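Read through the structure below, which is laid out as structure tokens, and then see the notes.
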Amino acid sequence: MSTVSLRTALVSLFLSISAPFIAPANAYEIYDFGAFLNSPTLGGTSLQYLDSGLNDFAGSGIDISFTNGLDSSSYGDLIWQFTNNTSNILTNVSLFGFVDAEVVENTNHFDNEYGRYVSITGGGNGDINPDSWEIDEPSYIFGDIYYNIMGGALDNTNAIPQGSEDDVSLALGFELGDILVGQTWTMTFTISDTDIGGLYHGDEPSGTGAYLNGTAVVGSTASVPEPASMLLFLIGMSGMTFVRRRRAAQ
């Protein structure tokens, strides 16, 4: 191989190694996410269900199922469904969703990102919209978002606004009131590259980002007949039995 061709090959190899990774525009990479439930009935410390494998709901009597509806760019829905199969009413239930992610861009540095409050429209346990929120550094050392979730109350603050970029995580909270025995409820988190309200997770160098919003819907329990209704039902059944026997005797 000539000196010129060898030099050309080495330059090409160097450029292929040193060239930055070109990520898809607006791609969102999630490192961890989860659902948390808090109720005085359960002792006041939130139960947690994390994608990384931690599941406090096992053995609690609260059944939980999860559906991951995200696409290859991590846009779409995360859905958790719960059922109260304990023998107790769960009082003053708070439900939280948490996402620790990164906006994938050319330099791929997580510490140049920021969060922004867009809109939170919940008004307590009378609707399906989020009632509280928090944007903070996900580390247990520098941020308090994890401790606030475990304690059952987000602080409605943005610790990483634009101009103070760092690593970003986001959380939304829902007030559900009391959950009856046998009752189900569903929390949905939607991640989108278009404005859906909620919170925004942005990347300063690339100018890209993702929106995070959600809902929490409480379903009904299996209906149990009231005593008077049950009595009427039994009387009706007795009457039908009497008629059948009388016809059979004729």
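Derivation of every value follows stated rules applied to the coordinates shown; laboratory data play no part. The structure displayed is predicted, hence computed values, not measured ones. No Cβ is skipped: glycine too gets one built from the backbone with ideal geometry, and neighbour counts run over all protein chains shown.
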Sort 32-45, 52-65, 155-168 for me by packing, meaning the mean count of neighbouring Cβ atoms within 10 Å per residue, highest on top. 32-45, 155-168, 52-65
Per-pair calculated FRET efficiency, R0 = 25 Å: Asp193 and Ser164 via Cβ, rounded to 0.05: 0.60
Please work out the Kirkwood hydrodynamic radius for region 38-155, using every pair of different C-alpha atoms, and report it in angstroms with one decimal place. 16.5
So what is Rg over Rh here for region 21-218, counting just Cα atoms and using Kirkwood for Rh? 0.97
Express the C-alpha Rg of region 58-104 as a ratio against the empirical globular expectation 2.2 N^0.38 Å, rounded to two decimals. 1.53
Integer Hz, Karplus 6.51/-1.76/1.60 couplings in order for region 130-139, x for Gly and Pro: x, 9, 8, 7, 6, 10, 7, 5, x, 5
Any idea how far apart Ile141 and Asp77 come out in nm if each label point goes 7 Å out from Cα toward Cβ? 4.0
To the nearest Å, what is the center-to-center distance of region 34-65 and region 103-166, using C-alpha atoms only? 20
For a label point 7 angstrom out from the Cα of Thr86 toward its Cβ, which stretches of region 133-173 have the backbone nitrogen within less than 15 Å? 152
